[in-house]
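Everything below concerns the one structure shown next.
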Amino acid sequence: MSLEEEIITWAAGRPTWQQQAVYRITTGGPEQSPAAIATELAAGNEPSAQPLTPADLPGSGASGVCVRLRSVTPLAHVNALLDGQCLTLSPTGITVVYGDNASGKSGYARMLKQVVHARVRGEVLTDVFEDRKGDQPSALIGYDLDGTEEKDTWPEESNPALRQIGFYDDACGEAYITHDTAVSYRPSTLVLFDRLIELCDAVKAELDSLLSDNTQAKVVLPAAPEGTAIATFLAGLTGTTKPQAIDDALTVPADVDEKITALADEEARLRATDPSKERTRLTDLATKLATVRAHLASLHAKLSDEVNEKLVEAQQKAADHRAAANLASSTSFDGEPLTGVGSETWRAMWDAARRYSEAEAYEGRDFPATEARDRCVLCQQALSGEAGDRLHRFHQFMADDTEKLATESQRAFETLVATVRTVQPEPTTVAVALATVETSDGDLAEKCRDTIGAFKVRQDALLRLYAGEEVEVPVVPDSPVAALQTASESATAAAATINDAEFRQTVGELAAKRAEMEGRRNAGAARDDITREVARLAERRKIEEAKKQTDTSGITRKSTELARDHVTAVILDRFTRESHDLKLERVTLDHPGGKKGQLMQRPTLLAAKQDAQIDAVLSEGEQTALGLAGFLTEAYFDETKSGIVLDDPVTSLDHIRRSHVASRLCDFARDRQVTVFTHDLTFVGDIRKAAEEAGVLFTERAVERHGDGSIGMCRDQHPWKAKDAKARLAQLGVDLNRIKKKKTGWDTATYEREVADWAGSLSETWELIVDMDIVNQVVDKGTSEVRPKMFRVLAQVTEDDDKEFQASYDRCSKWLRRHRKSTEVNYVAPDVDEMEAELTLVRTWHDRVRKYATT
């Protein structure tokens, strides 16, 4: 089965909302927001299925852009680098940034490492030799996005697109070897799995938010005696609890209060006549203490500041809506004969007239009745046309949304007020319980009564406040709940020491019956709260069921499976090529699994007979080569052709591997930006040579140490020691032009000094040409490799070549300051025409001799 067929088959089995999402992702259609999806799922709404076709899948391609660096400018406090220096980079070809040790080169690399993709980042420090506490490093990063120039100030700004650029150094290479890493290459069709996982995570976050809101809306139910059936019922409420079950649980006899009193009296009689009077007393005391404690906790919950705030808010809302309705009525009926239409007294009159009309005067007919021969229900006179129209306008006003909203807001406020009004500060059971508590602890009972009295005062003040009076509401009183709990536990523990099983059973059954009846009676008063809690739980159940549909494990599993089946072979082939070219044997890639849709990988030993870590087996140079092989494999599969950056990549590598790395980097530079930071002169020469052979642009950059000891000076040219013969000859031409322009302003001594310095550089260039283009062709001094086939270079050097070299080298030597000029000869420095002729001779000689290696 093809990759596309597998995706289509898999998608058909996903929840329908995910099918819709996959279809939008692959076809580029408008995507629904995570919040909207979460809302629909929480409501139990599922969209219709949306099957995929093979034609839909190409729309899921990667959307990456080509990113290339332009410049790095330290703004402040980056290591010890000079602020304001700008290291520019060529967006094409290969840029080699050369810097000696301690020149500041690595500081620039560390900055780039922070903004691009690196397996190990590290930290950019300030100058550790200065007191920089509190200072933050900052830099300006210039880059191209698909050819458009951009700039970010790091660390405040960092475009995520910069992560498309790859970075390599020793630490990144080590991480590649010793840690599981995500496979960077994937067929573009598999990108839809990444986006679907992102969407699922976002929808899950929205559902978590809905769950949090649902938790905040939890209804506080009345406390029920522990162990009773009503307590079990309340604790076991779910979103599927039926109304009939609620009715059955809250059913009590009509004379419930009398029965509770009778049960309490019987319980008291049994306790008084029982031989184990003390145990009975203690048990009863514990129960009463618990009752009072639960009641005080209930009062605190029902008359709290939070309840008051809700009532004040509802009252204000009702007032605002009523004001809006009154304004509407005053505007609509300002032309009526009488004023006050829409006022509270007018509405009371209207409601009375409506009830009289519908119940008696015009039973069975809609109010107002304004047909022919109908009479006004208030004055009972015949209705004129104008009067009928007026009644209809009044009726339309009362049915208007503004009036409805005002009425509903008032009812909502009155419902909340009724909740406060129905609170019983001291019900019978609590009074009985307090009487028992008083026999044991008079002070505690007095505190409880004071607290109940304070709650009564607070309740009365709240009700007067809601009735419109200006009254100061007392604060919520301190409640002796903790003391009641401690006393109850002490009484229970004391009673437990008395062993009378039969009496305990009898009294327990009686107490349980009374407690059950009290619990049902109290719960019945909170029927509306119970109904609202069931609705909340039903809503929560839907949200939790919806959340199950956001689990990404199945998506990750399928993505990993498809990546393993369709990607592993491609990656392994490329890794094998890269590692083989770097002279690594018996190394392969292992794939330990996936995470969030990403296939993981790690290098491992091939056909090893013992279990050993790869970094414990390979040499330091082999580990460097292996890290490079992994990095180059990743870079190869970057379809955006974004830049890559390497910091001293050939540390510990032998000459063969160094040469290959130089060539491989120049291969990459054919179609993307390559930037190399190095202090290795030999490696610079290898890259320069490889770039010339590959026909790619070679750009010189240097980071140097300033004469005053400061570091991070940026130059657009390599220092003299890092240049090859061709680059040196070009520089000599630039320097000669400078001498031409400025010599008229120099005295003889200055001119002779400039000529001597120029001649010394030309002499050094002669030596470099002979060394690199003749001698080194036969014996590579860096590797001690003898190349017999290149012996032909020596054979092709003619006598004329030798004469030209000897004569030119001799002239250069005479122009140098290192030779004492004979007083008899009367030395005169050569003019610029002679120098230009000498430079042309060296260039011609160099071009001719270089060809000997290829003929």
Between Thr855 and Asp320, what is 0.36 nm times their sequence separation minus the Cα-Cα distance? Round to one decimal in nm.
182.6 nm
So how do 384-392, 432-440 stack up, highest first, on mean other-Cβ count within 10 Å?
432-440, 384-392
What is the chain by shape, rounded, prolate or oblate, if you read a ≥ b ≥ c off the alpha carbon gyration tensor as root eigenvalues and call it rounded for a/c under 1.5, prolate for a/b larger than b/c, and oblate otherwise?
prolate
If you take the beta carbon distance between Asp810 and Ala569 as r and set R0 to 56 Å, what does 1/(1 + (r/R0)^6) give as a FRET efficiency, to the nearest 0.05?
0.30
FRET efficiency, 1/(1 + (r/R0)^6) with R0 41 Å, evaluated for Thr339 and Arg373 via beta carbons:
0.85
Would you please name the trypsin sites (Lys or Arg not before Pro) within region 649-704 that are DSSP coil residues with at most 16 other C-beta atoms within 10 Å of their C-beta?
Arg670
Which length gain, in nm to one decimal place, applies between Ala76 and Asp255 when the Cα-Cα distance is subtracted from 0.36 nm times their residue separation?
55.9 nm
Hey, got the dipole for the chain? About the Cα centre, +1 on K and R Cβ, -1 on D and E Cβ, debye to the nearest 20?
1700
Farthest towards the positive end of the dipole of the chain, among Gln673, Leu221, Tyr143 and with Cβ unit charges of +1 on Lys and Arg and -1 on Asp and Glu, lies the Cα of Gln673
Taking 0.36 nm per intervening residue step and subtracting the Cα-Cα distance, what contour gain separates Glu639 from Gln731 on full extension?
29.3 nm
Cα-Cα over 28 Å, subset of Lys113/Lys641; Lys105/Lys742; Lys456/Lys513:
Lys105/Lys742; Lys456/Lys513
Which value at 222 nm does the chain reach when only helices count, each DSSP H run of 4 or more adding -39,500 (n - 2.57), with the total divided by all residues and rounded to the nearest 500 deg cm²/dmol?
-18000 deg cm²/dmol
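Computed from the coordinates by the stated procedures, all read-outs in this text should not be read as laboratory data. Keep in mind the model is a prediction, meaning the values are calculated, not measured. Methodologically, a virtual Cβ is constructed for each residue, glycine included, from the backbone with ideal geometry; neighbour enumeration extends over all protein chains shown.
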